[in-house]
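To start, the structure under review is shown below, and the notes come after it.
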Amino acid sequence: MDRIRIRGGNQLNGTIPVSGAKNAALPLMIASLLTDDTLTLENVPHLADVELLIRILGNHGVDYSVNGRRENQRKGHSRTIHFSARSIVDTTAPYELVSKMRASFWVIGPLLARMGEARVSLPGGCAIGTRPVDLFIDGLRALGAEIEIDGGYVVARAKNGLSGGRYRFPKVSVGATHVLMMAATLAKHETVLENAAREPEIVNLAECLNAMGAKISGFGTSTIRITGVTSLSGARHRIIPDRIETGTYALAAAMTGGDVFLEGARADLLEAALKTIEQTGTEITRTNAGIRVKRNGAGIAAVDMETEPFPGFPTDLQAQFMALMTMAQGQSRITETIFENRFMHVQELARLGARISLSGQTAIVDGVERLRGAPVMATDLRASVSLVIAGLAAEGETLVNRVYHLDRGFERLEEKLSGCGAQIERISG
Ligand code: UD1
C-alpha cells in the first residue's frame, strides 16, 4: 500500500493549479443516465472516485470516451470525457460497487426517472457518522415513487413515470438535493424543493441539466422549482474548480508560511472559508485568474469556527482548518454541525504533538509552538489531507499511511506541493 513521506519545515512558494471539483463531477457524470444522447464533461478530475464511478455507470450501460491526449490532458490531469447512455442495460446498482463509494447511491434518481424503476444497494462510503438515506426515500416518495427496502436494497418504482410534487427537506442534504433535482427533470408535473442545498455543486448540476433541456429555476437558493419535460438531450458542460482543494492548499500555505497562487480557483465558491483563513493572519488576494495566499513572519491567530451548509464554512475543510489551529497562538473552538463523528483526525494530529480535546461536537484546540513528525494513519479523505498539512509544518519526518483515501479526492497532491518547495514523496508498495 502506498505511503506519503513528508519532511516538514519548508515554506510553500509558487503556483498550484486547481483541478475540477470531485463533488461536482460525480453528480454530473450520474446525470448522463438521464439521456440517450452524449453528455460531454470538461475538466473532469483524474481521481480514484471518478474512475470507480465510470465503472459503476458502465454496469448500467454508460459508454465513455476520453478526448485524445493533448498537452493539458497528460496522465493525472483533468480531462474532457464523453458519456453516453444510449440504452440502460441494468437498473440494479449492486452492493459490491455502491459500498465502495456512497455517491453512487445517487444513480437511484436518474434510473427511476428514465426507466420507472431502480434497485440500489444501501451505501457504505466514508466512515463519518451514520449517513442515512431517509431523505432520499421520503423525497422520492413525495415525487410519486413507491419505495421498499428489500434485502439491503432500496427498490424504487414509478410504473407510469414520476408525477413530481412538493418536498421540504427536514435537514439540508447535498446528495438528496442532487437526486431529487435529477429525478424531477423527467416528472409529469412541477416539483418544488424547499430547504434545498445551495452548494455550488448543486448550481453546477442544475446549469448542466438546463443545458440538456431541463426546466429548473431557483438553484443556488433554498427553493428549487423544476418543471418536468418528456426527455433530455446531450450537452457540453464544464466542471467548476474544486473549492475544497482550493481551501486545502490555502490552509497549507497559511500553515507553512510562504506565498502561493492557486491558479483557476474561484473565491466566490468559498468566501466563508477565505474570510476565516484571513482572520488567522493570512493575506488573501482574489483575482480573476485565481487566489493568492500569503503569510509572512507573523504567527497564526486562533480563530473559532463552526461548519455549516453553504454558504457557511464547509465541513470538508474542517479537518484541514484544525491542522492550522494546532499551531495557532492560543485556543480555538471548532464545532462540527454537519456530521457526527467527523473527528477521527484528532487522535492522529495528537500523534504529531497537537493538543486537542473533544467536548461533544466541539474540538478545543490549544495551539502549540511546534509539531513533530510521526507515522500517522489516514482515516478518511479530508482527515488524511489534514495530516499532510500538519506534516508540512512539523519538524522531521511524517509518514502518512493508507494514502488511497487521498487518491480518492486529490489530483497529483505530491506533485502540486513539491512544485511549491515541499519535501513530499510517495513511497510505493
Ligand atoms: C456531500 C459531499 C461531502 C460533504 C457533504 C456535506 C459529495 C460526493 N459529497 O455528501 O463531501 O461532506 O455533502 O457538505 O458531494 N442525511 C440524513 N439523511 C439523508 C441524507 C443525509 O440524515 O437521507 C444527513 C447526513 O448524515 C449528514 C447531513 O445530512 O449529517 C448532510 O449530508 P449530505 O449533505 O447529504 O452529504 P452527502 O451528500 O453525502
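The values are calculated or read from the model by the stated rules, or taken from the named source; none is laboratory data. No experiment lies behind these values; they were computed from the predicted model shown. Every residue, glycine as well, gets a Cβ built from its backbone with ideal geometry; the counts of neighbours run over all protein chains shown.
Inside the stretch 329-353, can you point out the residues that are assigned to a loop (DSSP other than H, G, I, E, B) and closer than 23 Å to GLU245 by Cβ?
Once the filter is applied, which keeps residues that are assigned to a loop (DSSP other than H, G, I, E, B) and closer than 23 Å to GLU245 by Cβ, the stretch 329-353 yields GLU336, THR337, ILE338, PHE339, ARG342, PHE343, MET344, LEU352.
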Requested in this report: Give ALA383, ALA390 a once-over and let me know the one that is touching a Leu at 6+ places or on another chain (Cβ under 6 Å) and part of a helix (DSSP H, G or I).
Outcome: ALA390
Query raised in the report: Quick one: in the stretch 354-380, which of the residues that are in a strand (DSSP E or B) and among the basic types (Lys, Arg) is farthest from the chain's Cα centre (by Cα)?
Result: ARG372
Query raised in the report: Taking PHE321, is it more than 16 Å from ALA253 (Cα to Cα) and either within 16 Å of the ligand (Cβ to nearest atom) or not assigned by TED's automatic domain parsing to the domain that holds ILE389 (or both)?
Result: no
